[in-house]
Structures are given as structure tokens and as C-alpha cells.
Amino acid sequence: MRFKRVLLKLSGEVLSGSNGFGFDFDAVRRIGEEIVEVAQSGIQIAMVVGGGNMLRGRELEKLGVERAQADYMGMLATVMNALCLQDVLEKFGVPTRVQTAIEMRQMAEPYIRRRALRHLEKGRIVIFAAGTGSPYFSTDTAAALRAAEMEADCLLKATKVDGIYNADPKKHPDAVLLHRLTYMEALRRQFEVMDAAAFSLCMENAIPIVVLNILQKGNLKNFLVKGTDTGTIVSAQEDGGA
């Protein structure tokens, strides 16, 4: 196995599947089943989930909602997604804990780093919700922060795209998927891997960033368990190492 412990950043949009909004439970179950297969192989999995399938703070801001208030509303959307994922994962037989950056003890544990590490060591999946608990920070930044705190071997950004291309594949049919990039090359070529704060955190802590398509069946397991070159790895070295 390439990595012992990974931080999986799951965008809210993938949970909506083809619906574009809310939950596509067939998609959620497919994703959950694959995450369980990886967990049962012995890889420790922590997760940060977005809330884009419910709402986005920046979109609310455009409608006139004050920015900090809009971001807090977005954090609540991530909690709903985390609870949904927890239910699916536990029905597949894997104990799962949700920890929130904003306390809501009736539904989830408060975020405590040492407790989260203990859960991972015991083979439980830990889902971090409510972002960093502060407005003005994206769930990408929350994922990078938790990856550093959990001492994860990589941050795996699971999206609807196959990875990072040398050009926009929607505009350029001949665009090439790049399997390896260094942090500096990604910066130089202005690839939007993650937002600036998240990218800087990963680069400073030498945490490889992996971008792959979670909706493509088998991608997650093939990459983490079988070592297949799927998606794009951004790291300090061209060979994908940290």
C-alpha cells in the first residue's frame, strides 16, 4: 500500500450525483462502499466533506447574506453531509465517528485531535465537519489543516474530474492528464489544485496532494490499495514522493 493514513477530501457535489443538488443515495452508497473496501484493507481514513450539494457561503453572500453568516450556514451543510456518510459507512459495517469544529454534542463529537488519532488507530473512520469552525476558510483549507494535524501521508481530493490536465479538457479535447507534478510546477503553471491557503499548508508540511475522480468505480481502491497510477499526484518530487 502506498499510504498508511490518508485524509480524503470529498466535495459535496459528488454526493448529489446526477441530481446536481441534495443527495443521490445511489452515488453516496457507491462511494461509501469503496471507502469501506479501502478501510478494510488496513488503510486509516480520515475525511473532510464539503457542503456544495446543499449551499455555498459565497453564493449566499452574492444574495446579500453577510459573509461570516453565510459561511456558518455552509458549515452546517457539511455537518448534514457528514452525518449522512456516517450512516452509510456504518451500515457497511465500519465504525465511524463525526467530529465537528463547532460543538453540537447531541449529534457529533467536538473536534479533539488526540481523540481523532485514537479513533484512527482503532480502525475507525473519522469524518471532520464544520470546516475549521471559522468563516473565511474553505473546506479545502480545513482538509489541509486536518491532514497536517492527523499526520496523514497524503491529502486525497476526490472530485468529479480525472485529475489535473495541461489545459481545460472541456475547451481542448486533446488536453493531456498529468500524473505527476511538483508543488512548484503547479504554482508556476497556475494549476488550481486547491485554494492558496490549502495548497501552502500542504507544501509547507510536505503532504502530497492527490486529485482523482471518485465517481469512476474502482479509482479510489486502485490508487490506494493496488498502487495504480490514477489521477494526479502533486508533491515535492516528480516521482510522487513527499
Does M54 satisfy the condition of being in a loop (DSSP other than H, G, I, E, B) and either surrounded by 17 or more Cβ atoms within 10 Å (Cβ to Cβ) or touching a residue at least 12 places away in the same chain (Cβ under 8 Å) (or both)?
yes
Where a residue in segment 142-156 is without any contact (Cβ under 8 Å) to a residue 24 or more places away in the chain and part of a strand (DSSP E or B) and its partner, wherever it lies, is of a type in the set (K, R) and buried (at least 24 other Cβ atoms within 10 Å of the Cβ), with Cβ under 8 Å and at least six apart:
none
List pairs: first in segment 72-96 and free of Cβ contacts under 8 Å to residues at least 40 places away in the same chain, second aliphatic (A, V, I, L, M) and part of a loop (DSSP other than H, G, I, E, B), Cβ under 6 Å, 6+ apart or cross-chain?
none
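Quick grid of which residues meet (1) modelled with pLDDT under 95; (2) in contact with a Lys or Arg (Cβ under 8 Å, 6 or more places away or on another chain):
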site: I125; (1), (2): no, yes
site: P135; (1), (2): yes, yes
site: A147; (1), (2): no, no
site: H172; (1), (2): yes, no
site: D229; (1), (2): yes, no
site: D239; (1), (2): yes, yes
Failed condition for V49, given (1) in contact with a strand residue (DSSP E or B) (Cβ under 6 Å, 6 or more places away or on another chain); (2) without any contact (Cβ under 8 Å) to a residue 40 or more places away in the chain
(2)
Across (1) in contact with an Asp or Glu (Cβ under 8 Å, 6 or more places away or on another chain); (2) polar (S, T, N, Q); (3) under 25 Å from V28 (Cβ atoms), T132 clears everything bar (1)
I need every pair where a residue in segment 1-16 that is in contact (Cβ under 8 Å) with a residue 12 or more places away in the chain has its Cβ under 6 Å from the Cβ of a residue that is hydroxyl-bearing (S, T, Y) and surrounded by fewer than 24 Cβ atoms within 10 Å (Cβ to Cβ), sequence separation at least 6 or different chains.
S11/T159
Any idea which of (1) more than 12 Å from the chain's Cα centre (by Cα); (2) modelled with pLDDT of 95 or more; (3) of a type outside the set (S, T, Y) is the one A142 doesn't satisfy?
(1)
Within segment 206-239, considering residues that are outside any loop (DSSP other than H, G, I, E, B) and free of Cβ contacts under 8 Å to residues at least 12 places away in the same chain, the one farthest from D26 (Cα to Cα)
K226
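The values are calculated or read from the model by the stated rules, or taken from the named source; none is laboratory data. Fair warning: this is a prediction, and the values are worked out from it, not measured in the lab. Glycine also receives a Cβ, built like all others from the backbone with ideal geometry; neighbour counts cover every protein chain displayed.
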